[in-house]
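Structure first, then comments.
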Amino acid sequence: MEVLGIDIGGSGIKGAPVDVTTGKLAQERFKVATPRPALPEAVAAAVRTVAAEFSWSGPSGITFPGVVTRNIIRTAVNLDPAWIGVNGQDLFIGAAGLGDVYVLNDADAAGQAEMRFGAGVGEEGTVVMLTFGTGIGSALFTHGMLVPNTEFGHIEIRGKDAEKRASDRVRELHDLDWAHWAGRVDEYMSHLEALLWPDLFIVGGGVSRKSGKFLPLLSHLRARVVPAALHNDAGIVGAALTAAQALEAAQEPT
């Protein structure tokens, strides 16, 4: 079965059809820039452009970089406050012209993909997925079950949101070398470890492809730390997987 996965980020919106039985992209992914200002209708139009690239009319999963509860957007720190209170499902069905749509937090989607197809396969303990990009996304799993919308990127480190010190965008914006940035990431993850005591950290986002430059520099963590196996495709795959699971559950006889 193929489902379209679309991953909305602070800088880009990317998507592709996904074979949800294997976790593989069925076609090469397509990406457009996130519009500025990132208002709901403008982002929906960009989502429509991505879907049109594949002439898509089937089911879709769409990630959002903020808290999402029952398809309602609750936070939008890296997009626009106009999103708060928007029903993402209704928006994307209407403005983007899509059919069955399921909307969820972007890091939760990436974590679901890694737990099913990637670095988290077979992990039964506590797992924390962190995505380093425009901000820092987080997903928490215990015994394979997701605790949604954790938003650990906003815990306070030295008087600031963690993502304002340790996101990949901050690294690029301030031209931090890998050692300096790794020190900030190490400090942030050590705070999380003291709160959650995970068995495993999975580090995702686009920077995961460069994990060899910074993961060996993390020196204060007890837990294992590994890069995401699906790299920056994890959000796309997890969005499609979650949509497929939601559709399957809806079709089960009561």
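The values are calculated or read from the model by the stated rules, or taken from the named source; none is laboratory data. Fair warning: this is a prediction, and the values are worked out from it, not measured in the lab. Cβ: placed from backbone, ideal geometry, glycine included. Neighbour counts: every protein chain shown. Just the protein is used for accessible areas: all its heavy atoms, side chains included, with ligands, DNA and RNA removed. Shrake-Rupley method; radii C 1.70, N 1.55, O 1.52, S 1.80 Å.
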Could you check, for segment 27-42, whether at least one of its residues is crowded, with 22+ Cβ neighbours inside 10 Å and not hydroxyl-bearing (S, T, Y)?
no
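Please find, within segment 56-67, the residue that is most open to solvent (accessible area, probe 1.4 Å) out of those that are modelled with pLDDT under 95 and not hydrophobic (A, V, I, L, M, F, W, C).
Filtering segment 56-67 down to residues modelled with pLDDT under 95 leaves 56-59.
Narrowing the set further to residues that are not hydrophobic (A, V, I, L, M, F, W, C) leaves 57-59.
Values: S57: 105, G58: 23, P59: 28 Å².
Within segment 56-67, the match that is most open to solvent (accessible area, probe 1.4 Å) is S57.
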Return the residues of segment 5-26 that are among the aliphatic types (A, V, I, L, M), open to solvent by 30 Å² or more (accessible area, probe 1.4 Å) and touching a residue at least 60 places away in the same chain (Cβ under 8 Å); say none if nothing qualifies.
L25
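If you check A139, A96, which single one turns out to be in a strand (DSSP E or B), touching a residue at least 24 places away in the same chain (Cβ under 8 Å), crowded, with 16+ Cβ neighbours inside 10 Å and out of contact with any Ser or Thr (no Cβ under 6 Å at 6 or more places or on another chain)? Please lay out each step first, then the result.
Numbers: A96 fails: in a strand (DSSP E or B).
Exactly one residue qualifies, and that residue is A139.
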What are the pairs with Cβ atoms under 7 angstrom where one residue, in segment 182-199, is small (G, A, S) and the other, located anywhere, is modelled with pLDDT under 95 and not in a helix (DSSP H, G or I)? Sequence gap at least six, or different chains.
S190/H220
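In this structure, does G120 turn out to be part of a helix (DSSP H, G or I) and either crowded, with 20+ Cβ neighbours inside 10 Å or among the polar types (S, T, N, Q) (or both)? Can you show your working first?
Working: part of a helix (DSSP H, G or I): no; either crowded, with 20+ Cβ neighbours inside 10 Å or among the polar types (S, T, N, Q) (or both): yes.
Against the criterion (part of a helix (DSSP H, G or I) and either crowded, with 20+ Cβ neighbours inside 10 Å or among the polar types (S, T, N, Q) (or both)), G120 does not qualify.
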Of the residues in segment 176-194, those that are within 10 Å of L215 (Cα to Cα) and either touching a His at 6+ places or on another chain (Cβ under 6 Å) or assigned to a loop (DSSP other than H, G, I, E, B) (or both) number 1
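In segment 8-30, which residues are under 22 Å from V170 (Cα atoms) and either touching a Lys or Arg at 6+ places or on another chain (Cβ under 6 Å) or modelled with pLDDT of 95 or more (or both)? Spell out the reasoning first.
Filtering segment 8-30 down to residues under 22 Å from V170 (Cα atoms) leaves 8-14.
Within segment 8-30, I8, G12, I13, K14 meet the criteria.
Given the structure, is D168 out of contact with any Pro (no Cβ under 6 Å at 6 or more places or on another chain), among the charged types (D, E, K, R) and either open to solvent by less than 40 Å² (accessible area, probe 1.4 Å) or in contact (Cβ under 8 Å) with a residue 40 or more places away in the chain (or both)? Spell out how you get there, then give the answer.
Details: out of contact with any Pro (no Cβ under 6 Å at 6 or more places or on another chain): yes; among the charged types (D, E, K, R): yes; either open to solvent by less than 40 Å² (accessible area, probe 1.4 Å) or in contact (Cβ under 8 Å) with a residue 40 or more places away in the chain (or both): yes.
It is true that D168 is out of contact with any Pro (no Cβ under 6 Å at 6 or more places or on another chain), among the charged types (D, E, K, R) and either open to solvent by less than 40 Å² (accessible area, probe 1.4 Å) or in contact (Cβ under 8 Å) with a residue 40 or more places away in the chain (or both).
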Restricting attention to segment 11-32, report how many residues are assigned to a loop (DSSP other than H, G, I, E, B), closer than 19 Å to L247 by Cβ and touching a strand residue (DSSP E or B) at 6+ places or on another chain (Cβ under 9 Å).
2
One residue is enough: does segment 71-81 have a residue meeting the conditions part of a helix (DSSP H, G or I), more than 18 Å from A96 (Cα to Cα), out of contact with any Pro (no Cβ under 9 Å at 6 or more places or on another chain) and at pLDDT 95 or above?
yes
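Taking the criterion of being within 18 Å of the chain's Cα centre (by Cα), at pLDDT 95 or above, among the aromatic types (F, W, Y) and open to solvent by less than 50 Å² (accessible area, probe 1.4 Å), would at least one residue in segment 194-206 satisfy it?
Taking segment 194-206 as the starting set, the residues that turn out to be within 18 Å of the chain's Cα centre (by Cα) are 200-206.
From what's left, at pLDDT 95 or above: 200-204.
If we keep only those that are among the aromatic types (F, W, Y) too, we end up with 201.
If we keep only those that are open to solvent by less than 50 Å² (accessible area, probe 1.4 Å) as well, we get 201.
Within segment 194-206, one or more residues are within 18 Å of the chain's Cα centre (by Cα), at pLDDT 95 or above, among the aromatic types (F, W, Y) and open to solvent by less than 50 Å² (accessible area, probe 1.4 Å).
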